[in-house]
1. Taking every pair of alpha-carbon atoms in region A:22-170, give the share separated by more than 25 Å as a whole percent.
2. Using a Gaussian network model on chain A with a 10 Å cutoff between Cα atoms, which of A:335, A:30, A:75 fluctuates the most?
3. Among B:357, A:369, B:117, which comes first, then next, by fewest other beta-carbon atoms within 10 Å?
4. Quick check: from the Cα gyration tensor, does region A:266-370 come out rounded (a/c under 1.5), prolate or oblate?
5. To one decimal place, what orientation-averaged projected area in nm² is obtained for the convex hull of the Cα set of the protein assembly as shown?
6. State the volume of the convex hull built on the alpha-carbon positions of chain B, expressed per residue in Å³ and rounded to an integer.
7. Relative contact order (percent) for region B:12-111, with alpha-carbon contacts under 8 angstrom and 6 or more residues of separation?
8. Classify region A:243-295 from the C-alpha gyration tensor, please: rounded if a/c falls under 1.5, else prolate or oblate depending on whether a/b exceeds b/c.
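What follows is calculated from the coordinates using simple rules that are stated; it is not laboratory data. If you're wondering where the values come from, they're calculated on a predicted model, not measured in any experiment. Here the Cβ positions follow ideal geometry from the backbone for every residue, glycine too, while neighbour counts run over all protein chains shown.
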């Protein structure tokens, strides 16, 4: 019967193709976990592509950083670590380090010194938030607003505190659906001094005060969970202003040409970098360490800034930051670290958050559903 | 359909308020879009009521009047907000022209039984409107995606250019991105490698299981059936977490075969269900007749049973294929970055960069799904025809 023969033939083909795909683990592969999108793209161009060309090792990208902590816990339990290097925020690095899921690193031994010979630990300086953490970039969470929706006669917003000025700037807002940054801004804009914010936030009254401040704009706020949402809402004209990572806003303004401006003041600084999972075999570990040494040197970190407006974590990289790879504009003025952008900068206290995160997360989610 | 009831013109006191009510509803939509629902309702009701009265009482020629109304509202819409509004206005005009005369001439009565009361006639049409509204509700989200995928911008936004039907507002760049970007092409290649293999396994095991379970003498048939179709009932996230830990221990996590096996497990229930349904109409005396003439069980299966149940097998296979092709939860757990499938890539794309490339892919997938479902439907008809022909 003809149909049966056709079926048998296609079956045989599928099986043959399937067998050809049943690959073993390639000896020369490395799985690197990051955030995806424009950020992964910048790493691909600045770190991965040159490294693959130089060594012949192939790098597989996994965009699982948002759930890195949970997945690493599961891998550890299952005894099957499939990741070689993971990109996380500083607070997550501290958590993973405390749980023993990330390896402690001797920064001076593993990482390359600055071109002038300054040891890595001095070159990175304060950005080394944890013994397991190899910093890459300084980014900030800051506000963008629709320039064409600024009410007539009003000055455009300049500061994070303008998000609470519901009378002056009517319209919807977008804020991150987690307590980090929102709680600090709420207290700061309610009149708490910058130095005292975390002390106040430790107390019950302080938390109540922050929630009360957030209550004033709660019914006008859309809560986002992915960095891409605020740019989308701004492009739609759905919101007047919203918080997101500064690199996203740079892309909306410079690359997409949307009518959006930035309110830099009281931007929230945070760090992002690598951790190495514990439990890698010796040959995998050797490969990762070699990659780390190359990809975090002074020139590589400066190169990344050609593709995305995040500041390199090394002091020695800052003078090397050049122009955008495609648009040819100077990147230095778009860096969160540029002194002209913000009069005031809020430095996120990752250690404080590593301790209080679980508790405040629960309270914040409960408050959201009220 | 022939007319059931003789019709006659209705009084002004009936059709003018009805048209005015519909006008109020249309006014609500337009008014809300313009910023004031209340004014929209009042203006819509008054305008449409007056127009209905004028069209039926002052002029007598139906066709020219209806064309005039369509044109009038099209021009009004165009003057208000450009080409798109003009088209919407023309649609409104066409609808209200038809609606007015439909009521005025009493045509709404023609195709319902003569003995129905006014209330029953009203319900007859209300029911149709409700059904239509449900269809619109189900299909709109899918339809909205399609024009957005031709957006010239990198956001999920109907730009002013798009609404003006300006060609500059449209582009194929997201389709181009899909076909040239290595991330998307890699994901497509993985999906194309995984889905057929998973389908093959599901179909082989599912068909065998269905045939076995349709034999009267198999013990614990119901219990076995329940276990085999459990992947369809257990929440996917539970299966996925379980598979993750199980496959990790036996070295299948993060491998091509692991993902194929996981998807096969998800696809088997569909094959079992469709094949079992086909077997209900299968005449077992055919297999006995084949055995009587000296055919072994394998020959009987391939020469007699398989051709008859083939439509069920193929439609089960298509469901298994779509399951594997659309599945995101299990592959996130069981796969590693090397097995990133299309849905996985769409999931991360949606989370990390809301790019209309996802919409372009979604449009392509919708078209593929429609094609596959058409095949299923054609096979079902063939199966019905065959069963009609088989001896009772």
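1. The proportion of pairs with Cα distances above 25 Å equals 49 percent.
2. Taking springs between Cα atoms under 10 Å, the residue moving most is A:75.
3. On the way: B:357 23, A:369 5, B:117 8.
Placing the least packed residue first, the sequence is A:369, B:117, B:357.
4. Numbers: a/c = 2.52, a/b = 1.14, b/c = 2.21.
Because a/c hits 1.5 or more and a/b fails to exceed b/c, region A:266-370 counts as oblate.
5. 43.8 nm²
6. 226 Å³
7. Relative CO of region B:12-111 lands at 23 percent.
8. Prolate, because a/c is 1.5 or more and a/b exceeds b/c.
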